Amino acid sequence: TLRQDKLLWIGREYQKQGINIEYMTIQNEPNASQPWESCQYTAEEERDMIKNHLFPAFRAKGIPVQLLIWDHNKERLIYRSNQILGDLDVRNMVAGIGYHYYSGDHFENIKIFKELYNDKLIIHTEGCTGYEKLWFKKKKRRIPGLYRDYGPYWEDETFEITPEWLFDDMNDLMEDSE
């Protein structure tokens with residue numbers, strides 16, 4: 001398919017520059033209908049894209065990218081994961097799940113995912129609405145617990161969190177957020 005060919009081309013071009021893409025999500029917000037261009041995928045379509053197209057194509061071209069599913073809000077994370085990872089072949093092709101910080105707390109879903117799929121990564125892939133102080137403060141309060149309990153990966157469009165930054169400033173973070 002055109003999308004598959006484009007992804008393979010991108011992967012090869014990055015490799016030529018000495019940059020390996022470690023992780024890739026199948027589709028950002030596959031369940032969102034936006035006023036701009038959207039590409040919606042059902043769980044079955046995402047599963048089949050991985051199994052029948054992307055994973056075999058990346059392996060055949062020697063591109064060692066690891067695939068992440070969902071890459072959307074937390075409230076449907078378990079349903080989506082079960083639909084995709086219920087296929088044991090696909091489960092072995094998927095490194096983990098990407099989730100977004102929007103749409104309320106729903107952090108229990110991340111905990112349930114970790115219990116069900118403890119061999120899979122949990123990576124926060126989006127959660128930024130700009131530099132609003134209130135939003136940042138709200139995220140700042142929850143980040144230490146998410147990092148500690150659910151995995152070492154937190155990607156954000158406004159800042160990057162590393163273990164050194166997080167644990168060196170843990171007390172300040174907790175005090176500032178109260």
> Right, residue 110: surrounded by 19 or more Cβ atoms within 10 Å (Cβ to Cβ), in contact with a strand residue (DSSP E or B) (Cβ under 8 Å, 6 or more places away or on another chain) and farther than 26 Å from residue 4 by Cβ or not?
Replying inline: yes
> For the stretch 109-146, which residues satisfy the criterion of being at pLDDT below 50 and among the aromatic types (Phe, Trp, Tyr)?
Replying inline: 131, 135, 136
>> Could you check the stretch 67-104 and list, in sequence order, the residues that are open to solvent by less than 10 Å² (accessible area, probe 1.4 Å) and among the polar types (S, T, N, Q)?
In response: 81
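I'd like the full set of residues that are touching a residue at least 24 places away in the same chain (Cβ under 8 Å) and open to solvent by 60 Å² or more (accessible area, probe 1.4 Å), limited to the stretch 29-41.
31
If you scan the stretch 53-66, which residues turn out to be without any contact (Cβ under 8 Å) to a residue 12 or more places away in the chain and either in a loop (DSSP other than H, G, I, E, B) or surrounded by 16 or more Cβ atoms within 10 Å (Cβ to Cβ) (or both)? Quick ask: steps written out before the conclusion?
Quick first cut of the stretch 53-66, residues without any contact (Cβ under 8 Å) to a residue 12 or more places away in the chain only: 56, 59-60, 62.
Passing the criteria: only 62.
Name the residues in the stretch 3-28 that are within 17 Å of the chain's Cα centre (by Cα) and open to solvent by 80 Å² or more (accessible area, probe 1.4 Å), would you?
Here is the first cut: in the stretch 3-28, the residues within 17 Å of the chain's Cα centre (by Cα) are 21-28.
Listed by number, the list holds a single entry, 22.
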>> So for the stretch 38-52 (the condition being within 17 Å of residue 122 (Cβ to Cβ) and assigned to a loop (DSSP other than H, G, I, E, B)), does at least one residue qualify?
In response: no
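The values are calculated or read from the model by the stated rules, or taken from the named source; none is laboratory data. Nothing here was measured: the structure is a model prediction, and the numbers come from that model. Every residue, glycine among them, receives a Cβ derived from its backbone with ideal geometry; neighbour counts consider all protein chains shown. Heavy atoms of the whole protein, side chains included, go into the accessibility calculation; ligands, DNA and RNA do not. Shrake-Rupley method; radii C 1.70, N 1.55, O 1.52, S 1.80 Å.
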